[in-house]
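Enquirer: What follows is a structure written as structure tokens; I'll ask about it next.
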Amino acid sequence: MKAVEFEDRLRLLEQPDQEMILDKLSNIAAQPGSRLQFFNYYKEVPVLSKAEILYAFGETIVCKTSEPQVIAIKNSGYTIIRSPQMEHDLYADAEANTDTGEIVLSNFCYIEVLANSRESMRVKVGGLFRVVVEAGADSFDAKLRDISLGGALLEFASRELLGKFSYFYINFVFHLNNRPEPLELRVMARFLRFVNEGTPVKAIFLFEHDRRSEDQIGMFIAQRQAEILGELK
């Protein structure tokens, strides 16, 4: 599988006979009202479009889809195929040609997408978005890598910076399009876990919201989601 970044959100069910799955997909596509769709995440934002099968060649299938989906597939190197005529979602390695809009699919396997691992919309944050983390009386700078209403992925220099604390304050400065001044926000967060062994360190923190912090972070996420979807147009 190429979908390394996607593996915490799916469970492999089985590797079907490739010739049989090619025949099944071709048969579904040939039926009136076919509802084959491609599903991907682009910078953590879900992208879903209709899939049109053009032809099969060897153990591959060549397809067409929307331009935003082509970009999302090219960015990830895989796609998830969905249809109400299939019992399970289907993973496929995918090569996308942005000039022709064609997608070449191979290496199919049935999967289950783990919806419970994504309780709220999460978006990747572009550029060097820095936050200040308060650990007791001390503080340190961190990079914000992605954020949801539930929490955030932060990157920082050393595990030792967290000390023995479980709860921290994270200080954000958001620039919202509808506000002339930057929005400053201080949110309590609970350390959940580290996601890597090396340096720089990456760790997940879960927010302990009040109403204001939840509303303001929600506005930033909506703005960032619109920016990401704008990249696909």
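Enquirer: Can you give me the number of residues within region 29-75 that are of a type in the set (Gly, Ala, Ser), crowded, with 21+ Cβ neighbours inside 10 Å and within 18 Å of Asn107 (Cβ to Cβ)?
Expert: Looking only at that region, the number is 1.
Enquirer: State whether one or more residues within region 90-98 are of a type in the set (Asp, Glu) and within 20 Å of the chain's Cα centre (by Cα).
Expert: Within region 90-98, one or more residues are of a type in the set (Asp, Glu) and within 20 Å of the chain's Cα centre (by Cα).
Enquirer: Working carefully through the options Ser26, Ser76, find the one that is of a type in the set (Ser, Thr, Tyr) and farther than 30 Å from Glu155 by Cβ.
Expert: Ser26
Enquirer: Filter region 49-74 down to residues that are touching a residue at least 24 places away in the same chain (Cβ under 8 Å) and touching a Phe, Trp or Tyr at 6+ places or on another chain (Cβ under 6 Å), then give me how many there are.
Expert: Within region 49-74, residues that are touching a residue at least 24 places away in the same chain (Cβ under 8 Å) and touching a Phe, Trp or Tyr at 6+ places or on another chain (Cβ under 6 Å) number 5.
Enquirer: Please note which strands (runs of 3 or more DSSP E) are completely contained in region 130-233 and include at least 3 residues that are under 30 Å from Glu67 (Cβ atoms).
Expert: Here the list reads 138-148.
Enquirer: Considering only region 1-114, give the strands (runs of 3 or more DSSP E) lying wholly within it that have at least 1 residues that are aliphatic (A, V, I, L, M) and either assigned by TED's automatic domain parsing to the domain that holds Leu144 or within 24 Å of Leu229 (Cβ to Cβ) (or both).
Expert: Counting at least 1 such residues, we get 10-14, 45-50, 78-82, 89-97, 102-113.
Enquirer: Looking at Ala115, Ala137, Ala94, which is the one that is surrounded by fewer than 19 Cβ atoms within 10 Å (Cβ to Cβ) and either at pLDDT below 90 or within 24 Å of Ser26 (Cβ to Cβ) (or both)?
Expert: Being surrounded by fewer than 19 Cβ atoms within 10 Å (Cβ to Cβ) and either at pLDDT below 90 or within 24 Å of Ser26 (Cβ to Cβ) (or both) holds for just one of Ala115, Ala137, Ala94, which is Ala115.
Enquirer: Going through region 119-163 one residue at a time, which ones are under 18 Å from Gln223 (Cα atoms), without any contact (Cβ under 8 Å) to a residue 40 or more places away in the chain and hydroxyl-bearing (Ser, Thr, Tyr)?
Expert: Ser120
The values are calculated or read from the model by the stated rules, or taken from the named source; none is laboratory data. Since we're looking at a predicted model, the values are computed, not measured. Glycine gets a Cβ as well: all are built from the backbone with ideal geometry, and neighbour counts include every protein chain shown.
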